[in-house]
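Worksheet: the structure to be examined is printed underneath.
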Amino acid sequence: MHAKTIGLIAHTGKPGVAELINAIAKEFSRFSISILFEKETARFAGKKSGHSLTELGAAADLLVVAGGDGSILRVVGQLGENIKPIFGINVGSLGFLTCASSSTYREAVECIAKDRINFSQRALLEARVSLGDKRTDKMIALNDAVLSRGELSRLVMLRTRVNGEPLTEFNADGLIVATPTGSTAYSLSAGGPILDPESGVFVITPICPHVLTNRSIIVAQGSIIEIEASDPDYPVFLTLDGRKPIHVERESIVTIRKARKTLPLASLPEASFFSVVRQKLKWSGSNV
């Protein structure tokens, strides 16, 4: 994929980001690649013209996100169905989604300019809440959909079906449905397995289950997962990729399935998912 137009988006709260954005833009200009700045990023970097994320999604061949994993999740959430390939430049600690550090931005720009980057096709999940004939719009997530009590620390009863067949009623602090990309996030903290990013499955992980036989279960990505909050007394909330919680009314059905689009997530030629796992989780052994 030869990128002629780059959309540049930054987490403006990170230290040293303004200098980094301007340095990245300058590097791209050396290769005659045009840059479109996101509005807030443009203002922060002292540039006159900025574009909305929707405009960037329509016009850019590749989105370069300077920030952390959270920045990439936010961009994916705002783009929705209009997804574009993303290249993450990490500002701060090593992330699972970013593929270059801010100190190696020159090499990153050169790899993009010379078309030497690889793309991992990441599954996105799509969630909808329905109650009777009322239905929300599709909501897209890269990592996970989480059902819980929100700020209230109480058990929640979640009746779960896969492809129309009852699975179980989870009695837990909450329930996570994660993509392979999200398997290294909240699901991992809740005791779920690490999934290879292109493994073609979803994982359903209960959070602190009250019933100790409630475990993580892996289902095919083609599955339709339906979750119903069956407790009449307390509200349940749905959170996608850590965004603002959505109140799920009693007897509503939350339907989660694989989105039609996938996210092409960039990585540098020498990088691998397993090398990031080894670094992040500090795994070692006789061969590492």
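Results, tabulated for the structure shown:
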read-out	value
Taking the stretch 124-260 and dividing mean pair separation by its residue count, relative contact order in percent (alpha carbons under 8 Å, at least six apart)	30 percent
Share of pairwise Cα separations in the stretch 124-260, more than 25 Å, in percent	15 percent
Reachable lysines from residue 84, criterion Cα separation under 25 angstrom, eight or more residues apart if same chain	4, 14, 26, 39, 47, 48, 114, 138, 244, 258, 261
Dipole of the stretch 124-260, positive end: most advanced residue of 140, 222, 195 [Cβ charges, Cα centre]	140
Footprinting exposure proxy for 74, 106 (fewest neighbouring C-beta atoms within 10 Å first)	106, 74
Helix-only [θ]222 nm of the chain, DSSP H runs n ≥ 4, -39500 (n - 2.57) each, per residue, nearest 500	-6000 deg cm²/dmol
Potential lengthening between residue 231 and residue 208 on full extension [0.36 nm per residue; Cα-Cα distance subtracted]	6.5 nm
C-alpha long axis of helix 17-30 to longest principal axis of the chain, angle in °	60 degrees
Residues of the stretch 218-245 with amide N under 19 Å of a point placed 7 Å along Cα→Cβ from residue 39	244
Fraction of alpha-carbon pairs over 19 Å apart in the stretch 10-87 - percent	31 percent
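All of the numbers you see were taken from the coordinates with simple rules; none came from a lab. Note that the structure is a prediction, hence the values are computed from the model and not measured. Neighbour counts are summed over all protein chains in view; Cβ atoms, including those assigned to glycine, are modelled from backbone coordinates with ideal geometry.
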